[in-house]
Amino acid sequence: MRLGAQQVVQVALSVGTHRRLCGALPQYGLSDGQLWAHSVAAALAAQVLATRRPGVVPPEAFTAALMHDVGKLVLARFLDAERVEALRSAGRAGTPLRQAELELLGIEHAEISAAVLEHWKLPERLRVAVRHHHTPSDSDEPLASAVHVADIVGHRAEVAVVGALDREADVTAELDDCVITVGNELVDVLRRYA
């Protein structure tokens, strides 16, 4: 079997990021492996979307989705106990993480993720997509919308799978509901970038 350039990049990034994303990130309430699991879930969701919508979802969606939250690793280094508690408190009050980061830190993890990708000399298209994975409407880059949807699907798939593992239940109904919800959101995204 012969791997194409895109697959080689995906494998290299997966192997290289595994070590970094695998550890606990208590500043964000993530235990060992949770950031990695979410990154992989988002990347797999991007791959499924790209397979189902070739030509609409760019092939780089896998790589961008895998890397979309690396900025959390950087920000975590600068979060003292007071800021960690403020982020948690904002979360309990229903404030989205991105908004809480902006209010408390003046920057959010997606901006830092894009800066990391720039430091690693990854293409502009990936950086823009990662930078706007929470705000795809602020970008003309279709890859941003793909990563946004992949992030949502990744989160929902994790909830369904982890919940099923915890209670040993069948995840089919939960995943079906997730697919319907994601499908509705995907229709909106695809209309914008058709």
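The values are calculated or read from the model by the stated rules, or taken from the named source; none is laboratory data. Everything numeric in this text was worked out from a predicted model, so none of it was measured. Note that we place each Cβ from the backbone using ideal geometry, even for glycine, and neighbour counts take in every protein chain shown.
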Checklist line | Residue list for region 54-90, filter: acidic (Asp, Glu) and under 13 Å from the mean Cα position of the chain (by Cα) | finding: Asp69
Item checked: Qualifying positions in region 122-152 - within 14 Å of Glu108 (Cβ to Cβ), surrounded by 24 or more Cβ atoms within 10 Å (Cβ to Cβ) and either aliphatic (A, V, I, L, M) or without any contact (Cβ under 8 Å) to a residue 40 or more places away in the chain (or both) -> Val130, Arg131
Note to self: Condition (residue is basic (Lys, Arg) and either surrounded by 13 or more Cβ atoms within 10 Å (Cβ to Cβ) or at pLDDT below 60 (or both)) applied to region 12-26: is it met by at least one residue?
What the structure shows: yes
Item checked: Subset of region 51-102 that is of a type outside the set (Val, Ile, Thr), modelled with pLDDT under 85 and part of a helix (DSSP H, G or I) - its residue that is nearest to Ser113 (Cα to Cα) -> Leu97
Note to self: Condition first: crowded, with 20+ Cβ neighbours inside 10 Å and of a type in the set (A, V, I, L, M). Now tell me which residues in region 51-60 satisfy that.
What the structure shows: Val57
